[in-house]
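Shown next, in structure tokens, is the structure this report addresses.
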Amino acid sequence: MDRLLDRIDKPGDLKSLTPKELRQLASEIRQELVSVVSANGGHLASNLGVIELTLALHRIFDSPRDKIIWDVGHQSYAHKLITGRRKEFASLRQYDGISGFTSREESEHDHFGTGHASTSISAALGMAVARDLAGDDYNVIAVVGDGAITGGMALEGLNQAGHLRSRLIVILNDNGMSISPTVGAIARLLDRIRFDHRYRIGKEKSQKLFNVLPLGKKVWRASVRIEGWIKDLVRTTTLWEDFGFNYIGPVNGHSIRELETALKRARDYKPGPIVVHVVTTKGEGYLPAEGNAVYFHGISGTNGSSNKKSIPTYSDIFAQTMLKLARENPKLVVITPAMPEGNSLNTLQTEFPKRVFDVGICEQHAVTFAAGLATQGYLPVVAIYSTFLQRSFDQIIHDVCLQELPVVFAIDRGGIVGDDGKTHQGIFDLSYLTLIPNIIVAAPKDENELQHMLYTAITSGKAMAVRYPRSAGLGVTMDTEFQKLPIGKSEILRHGNDIAILAIGSMVAPAMDAARELTAKGIEATVVNARFVKPIDKEMVIDLANRIKRIITIEENTLPGGFGSQIIDTINKAGINNVKIRSIGLPDKFIEHGGQKFLRSKYGLDANGIIKQALEIVPNKSATKIN
């Protein structure tokens, strides 16, 4: 039996569908999402929750002329299916396949790339102002989640939009969740609106009254003031009106009929910006996701290899270490920007609920909040993904390092994260952190060293960043007692006089593998676990440069400004000549999506990549073939 979905090649194909066909299409899209995401991995619950909204948007508006911006872009799967990417959808998040986020490179219907939250309102306002300046009349719609609306940038966009009064539509997709349940004062306000039906009942009764009065219908349609008055009766605040927006809602986000009615009103509202408050259920239509939206927010697929379940992840080791340290030190606090589950903080949050702070999608605030705690003698740890730490660069400089405050940055997902792709690869942190004064930057070789490195950071009295990968550990034996590592000192794991391999973090293990294989080829390598990118172990680097003269550096970070650059700079400043250096790392580009193992192999971040470079610089052995 042919699917209705197979007849949808562009948004215009939706406009002639009957209500019954739309319900069938929504069901087919849900089945397709569950099937593909179960295989490939990806964001399931958030996409299941916006299917009816996606269909309604594309029926009322005319993309690509009308601009629809999804915030965050991981909720755009249904949008992709109905905008010409249905046949390629099985390649979702696979190498050379379609992205798990909106991408301007991928489709004319993806008007803005949104891999990080809270950006859509600012981008949409820019498009709306560009339209006004050009004298055009297309619609601009920002679809923003109730988690993303808590971000400071979203509020900055609302502030400017209310000031400029450009015609702009903001769809607030309110499901009470970001990845975890949404937190903060705005979330409490939305809870009151979402669950308080007095407003809706009052509005309906008032409209019925006006319908029976002479000219009542005309009066009702014209009377924005009356509608605002009814809202004020049941709410202590009119947040959106205070920002200069008109407000429609709450609207049932799973009723296409109600959605289309509200979206038509918003489309035809001319005086200025407007918010349409849409209430949805994350995971709608798929009972496992409805019952556990946190787990099904982002899932791993069945394709490809998976980590051994018996080995804890680096995130798990971080959380276990924090729990031990928190029990020992009442001054230790942990801060996360809307990622308690991703950072494995559930147990710590349960035992110490007043010392774990989920600040919402507010990375800048998280860092300065930590700085404030540090001024009062507390030991704040900011648990954050590498890609999101980028958003708080100025706060790290101005509010932490400039004031020499002892804030610890636990940087998860350092290096290649894989299928989430360009917006989420954590490949810049070593470069941008090492240029900042008054900060220590380190990466452990394995999960055992991670716990010691975190203990070192907590006890250092300085700002320190510890970055670790998205993966299970290596399965090494864990020490039962913490050890304080000497800051700025490396560890030589293996001695050899033919070549020196200097590795940082996740690249130490492949460096050791390469050294063993090189021995079989008659090449003896020294392998160094650098541990610290800042300060570099200058004494070790200078000694190896003087003695061995052949050095390979390897890092899971972009090469410009990274670990290899620090090694080269140290050798140059020491005035050591005739040293052959090869730096292995990621090129000066944004790294595409694909499996971690595949991408590491592609860019030479594995044993074969190291061996290839070694054979090119060790005398008389460059012709040896790799098995």
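Using r as the Cβ-Cβ distance of ASN438 and ASP136, and R0 as 56 Å, what FRET efficiency do you calculate, to the nearest 0.05? According to the calculation, E is roughly 0.70.
Less than 5 angstrom separates the built amide H of VAL251 from those of HIS277, VAL278, VAL279, all sequence-distant by 5 or more or on a different chain. Computed over region 493-617, the P(r) tail beyond 21 angstrom holds 34 percent of alpha carbon pairs.
Here the 3J(HN,Hα) profile of region 61-71, calculated from phi with Karplus coefficients 6.51, -1.76 and 1.60 at θ = phi - 60°, is 10, 10, 6, x, 4, 6, 9, 10, 10, 9, 9 Hz, Gly and Pro shown as x. Here, region 1-143 has an Rg and a Dmax of 14.9, 50 Å when only alpha carbons are counted. Sorted fewest first by neighbouring Cβ atoms within 10 angstrom, SER386, SER120 come out as SER386, SER120. Net charge in the neighbourhood of GLY113 (other residues with Cβ under 14 Å of its Cβ; Lys, Arg +1, Asp, Glu -1) is -3. Per-residue 3J(HN,Hα) values for region 534-543, derived from phi via the Karplus relation 6.51 cos²θ - 1.76 cosθ + 1.60 with θ = phi - 60°, read 8, x, 6, 6, 4, 4, 5, 4, 5, 4 Hz in sequence order (x marks Gly and Pro). Amide H contacts for GLY115 (H built 1.01 Å from N in the peptide plane; partners 5 or more residues away or on another chain; cut-off under 5 Å): GLY73.
Ordering ILE499, ILE248 from the fewest to the most neighbouring beta carbons within 10 Å gives ILE248, ILE499. For region 493-617, lysine pairs with C-alpha atoms less than 24 angstrom apart, excluding pairs fewer than eight positions apart on the same chain, total 21. Of TRP240, TRP70, the sequence from fewest to most neighbouring Cβ atoms within 10 angstrom is TRP240, TRP70. Evaluated over region 314-467, the count of Lys pairs having alpha-carbon atoms less than 23 Å apart is 6 (only pairs 8 or more residues apart or interchain).
Under a 5 Å amide H cut-off, with hydrogens placed 1.01 Å from N, ARG582 pairs with ILE551, ILE552, THR553 among residues at least 5 apart or on other chains. Computed from phi, the 3J(HN,Hα) profile of region 248-260 under the Karplus parametrisation 6.51, -1.76, 1.60 (θ = phi - 60°) reads 10, x, x, 10, 5, x, 10, 10, 4, 4, 5, 4, 5 Hz, with x in place of Gly and Pro.
Read the figures in this text as sums done on the coordinates, not as results from a lab. The structure presented is a predicted model; accordingly, all values stated were derived computationally and were not measured. Heads up, the Cβs are rebuilt from the backbone with ideal geometry, glycines too, and the neighbour counts pull from every protein chain shown.
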